[in-house]
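Chemist: My questions all concern the structure below.
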Amino acid sequence: MLKDKNIIVGVTGGIAAYKAVDVVSQLKKKGAEAFVIMTEGAQEFVTPLTFQTISQNPVSTKIFSQPTTWEVEHISLADRADAIIIVPATANIIGKIAGGIADDMLTTVVLASKAPIIFAPSMNVNMFENSLTQRNIETLKKLGHHIIEPEEGFLACGYTGKGRLPQTDIIIDEIEYVLNKKDLYKKKVLVTAGPTREDIDPVRYITNHSSGKMGYAIAKAARDRGGDVVLISGVTHIRPPSGVKFVRVGSALEMKEAVLKEFDDADVVIKAAAVADYRPENISGQKIKKSDEDFILKLTKNPDILLELGKQKGKRILVGFAAETQDIIDNAQEKLKNKNLDMIVANDLTLEGSGFDTDTNIVTIISSDGKIEKFNKMGKKELAHIILDKISGLLQQS
Ligand code: PMT
């Protein structure tokens, strides 16, 4: 999504200026062109040469420099930008832009550009909490600009509090969010992810290898595309994406209850969770003691949540996943039909880089109109957008 995008990175004079180098590096890795503009203050912390080397583009530092072409530099940069990110954004730059001041290259480009503008504030906690700074941030928000909330922690000035620049991936995420098409705007997208845990006793349970990566990638992509996302997840080690309603569940029965609670007004349901088909018939209240005998655990069937949703489908778009090791297409087609789905995403678990606990997936997407599309190995994030492109198409038809 960042590929071939022109991103202006405004760097201002705070200690976190060195972290902007990593932001530029990540933008380049993702195929974007980064054009860095540094304020005078920023150059006290990092040299323009560093940014020039990383971005492989000239760095703008002065508004009145000798022109190398007849293009007016600040206007041409402003016109070229798909987005502007100011990282770190000091209290000074926030105040200047909120007040409409244009007295250097960065503020001039900002004023001349129609591109979305993102601020990543970073400063001393007292400066951040100062009512003037807060007023200026509110002004920027009201003008439609985007603010990445600083994190709390130990600050370079020796204070502890809110004012730290967030990690690079959070900043890149926000840029991607801002640039994304918003084709799921006002659509409620319900996503399930991760494994279920079926308790045996207070210390043991049955589960599977689902990491949640696929479902979380879908939830995040749907959020980026403007959806009102509810992510219902089994226990995973992944941080839930910000800006989504997050519901943590344990067992399949808990997942069913949570899903049904959110189902009525959902427009789209995507069930990427790996739900246990069986659970122990009885959960022991006490830890089961070891004995010399074999231990036989009786399992009972869990409800098939997706099957039940299929019966109440209505106009909702219903998408299932199928994790298969044999007869992939036949098995997935059967599930698509039985569960009354619009689409099923079949993972071939026999292939390396597909299915559980990988960053990639290898899938075949089968639609209810009979279309079968095989995809090569790709990142789960990329796959999430392919699935959502298809859902978006279905929403437009309905
Ligand atoms: O989480 P990751 O590590 O990223 O791995 C991703 C994944 C492999 C878990 C995911 O891509 C996937 O394939 N999820 C579905 C796995 C699965 O349970 O498949 P299934 O064929 O057993 O179920 C078919 C569909 O019915 C699924 O959408 C499942 O959520 C749903 N189901 C299954 C059983 C059940 N009792 N209730 C359900 O709703």
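Chemist: Evaluate the charge dipole of segment 188-397 about its Cα centre and quote only its size in Debye, nearest 20, assuming +1 on the Cβ of each Lys and Arg and -1 on the Cβ of each Asp and Glu.
Modeler: Computed about the Cα centre, the dipole is about 600 debye.
Chemist: What residues qualify as long-range amide H neighbours of ILE63, i.e. H under 5 Å apart, gap of 5 or more or another chain, H built at 1.01 Å from N?
Modeler: Those lying under 5 Å, H to H, from ILE63 are MET105.
Chemist: Let me ask something else about it. Can you pull the percent of the chain's accessible area that's carbon plus sulfur, 1.4 Å probe, other chains left in place?
Modeler: Carbon and sulfur atoms account for 49 percent of the accessible area of the chain.
Chemist: Next up: Taking the chain as a Gaussian network, Cα atoms linked when under 10 Å apart, which of LYS287, LYS182, LYS337 shows the biggest mean-square fluctuation?
Modeler: LYS287
Chemist: Can you grab the distance from the C-alpha centre of segment 42-62 to the C-alpha centre of segment 147-169, Å, no decimals?
Modeler: Each part's Cα centre sits 23 Å from the other's.
Chemist: Still on this structure: Show the residues, 5+ positions off or on another chain, whose built amide H is closer than 5 Å to the amide H of SER251.
Modeler: Counting only residues 5 or more places away or on other chains, the set is ARG197.
Chemist: So which helices of the chain fit the span-like rule, where a helix is a whole DSSP H run, its Cα atoms reach 18 Å or more along the axis, and its mean Kyte-Doolittle is at least -0.5?
Modeler: 380-397
Chemist: Quote the relative contact order of segment 188-397 in percent (integer), defining contacts as alpha-carbon pairs under 8 Å separated by 6+ residues. Provide the component values of the computation, followed by the final result.
Modeler: Values: 442 pairs, mean separation 41.8, N = 210.
Contact order relative to length: 20 percent.
Chemist: Still on this structure, please answer the following. What accessible area, in Å² to the nearest ten, does a 1.4 Å probe give for THR160?
Modeler: 100
Chemist: Given a 1.4 angstrom probe, what's the average accessible area per residue across segment 6-179, in square angstrom?
Modeler: 48
Chemist: Which entries in LYS188/LYS313; LYS114/LYS141; LYS141/LYS380; LYS311/LYS374 show an alpha-carbon gap greater than 20 Å? Could the numbers behind the result be given before it?
Modeler: Working: LYS188/LYS313 14 Å; LYS114/LYS141 15 Å; LYS141/LYS380 32 Å; LYS311/LYS374 28 Å.
From the list (LYS188/LYS313; LYS114/LYS141; LYS141/LYS380; LYS311/LYS374), the Cα-Cα distance tops 20 Å for LYS141/LYS380; LYS311/LYS374.
Chemist: Same structure, new question: Given only helices, namely DSSP H runs of n ≥ 4 each adding -39500 (n - 2.57), what is the per-residue ellipticity at 222 nm of the chain, to the nearest 500 deg cm²/dmol?
Modeler: Working: 14 runs with 136 residues, N = 398.
Counting only the DSSP helices, I get -10000 deg cm²/dmol.
Chemist: While we're looking at this one, here's another question. Per residue, how much accessible area does segment 321-377 have with a 1.4 Å probe, in Å²?
Modeler: Working: 3150 Å² over 57 residues.
Per residue, segment 321-377 has an accessible area of 55 Å².
Chemist: Kirkwood Rh over alpha-carbon pairs of segment 272-345, then Stokes-Einstein at 37 °C and 0.692 mPa s: what D in µm² s⁻¹, rounded to an integer?
Modeler: 219
Chemist: Please say if the chain is rounded, prolate or oblate, where rounded means a/c under 1.5 for a ≥ b ≥ c the square roots of the C-alpha gyration tensor eigenvalues, and otherwise the choice is prolate for a/b larger than b/c and oblate otherwise? Could the numbers behind the result be given before it?
Modeler: Values: a/c = 2.50, a/b = 1.91, b/c = 1.31.
Prolate, since a/c reaches 1.5 and a/b exceeds b/c.
Chemist: Which residue, SER60, LEU27, VAL11, has the largest displacement toward the positive end of the dipole of segment 1-122 when charges sit on each Cβ (Lys, Arg +1; Asp, Glu -1)?
Modeler: LEU27
Chemist: Under a point-charge model restricted to the Cβ atoms of Lys and Arg (+1) and Asp and Glu (-1), what is the dipole moment magnitude of segment 6-179 relative to its Cα centre, in debye to the nearest 20?
Modeler: With only Lys, Arg, Asp and Glu charged at Cβ, the dipole is about 80 debye.
Chemist: Next up: State which entries of LYS256/LYS301; LYS28/LYS181; LYS96/LYS187; LYS271/LYS371 exceed 25 angstrom in Cα-Cα distance in the structure shown.
Modeler: Listed pairs above 25 Å: LYS96/LYS187.
Chemist: Taking the Cα centre of the chain as origin, sum charge times position over the Cβ atoms of Lys and Arg (+1) and Asp and Glu (-1), and report the length of that vector in debye to the nearest 20.
Modeler: 640
Chemist: Say the dipole of segment 311-365 comes from +1 at the beta carbon of Lys and Arg and -1 at that of Asp and Glu; which of GLY314, ILE365, ASN340 then lies farthest toward its positive end?
Modeler: Working it through, the farthest residue towards the positive pole turns out to be GLY314.
Chemist: Using heavy-atom solvent-accessible surface (probe 1.4 Å) with all chains present, what is the largest-first order of ARG316, ARG164, ARG248?
Modeler: From most exposed to least exposed: ARG248, ARG164, ARG316.
Chemist: Just PHE295, PHE154, PHE51 to compare: in a GNM of the chain, with alpha carbon springs under 10 Å, which one fluctuates most?
Modeler: PHE295
Chemist: Viscosity 1.002 mPa s, temperature 20 °C: Stokes-Einstein D of segment 188-397 from its Kirkwood Cα radius, in µm² per second? Each step should come with its number before you reach the end.
Modeler: Details: Rh = 17.6 Å.
Result for D is 122 µm²/s.
Chemist: Could you tell me the relative contact order of the chain? Use alpha-carbon pairs under 8 Å, at least six residues apart, and round to a whole percent.
Modeler: Working: 829 pairs, mean separation 42.0, N = 398.
Here the relative contact order equals 11 percent.
Chemist: Would you mind finding the longest exposed-site-free stretch of the chain, with exposed GluC sites (Glu not before Pro) meaning DSSP loop and at most 14 other Cβ atoms within 10 Å?
Modeler: 72-280
The values are calculated or read from the model by the stated rules, or taken from the named source; none is laboratory data. Just so it is clear, the model here is predicted, and its values are computed rather than measured. So basically every Cβ, Gly included, is an ideal-geometry build from the backbone, and we count neighbours across all protein chains shown. What goes into the accessible areas is simple: the full protein's heavy atoms, side chains included, and nothing from ligands, DNA or RNA. Shrake-Rupley method; radii C 1.70, N 1.55, O 1.52, S 1.80 Å.
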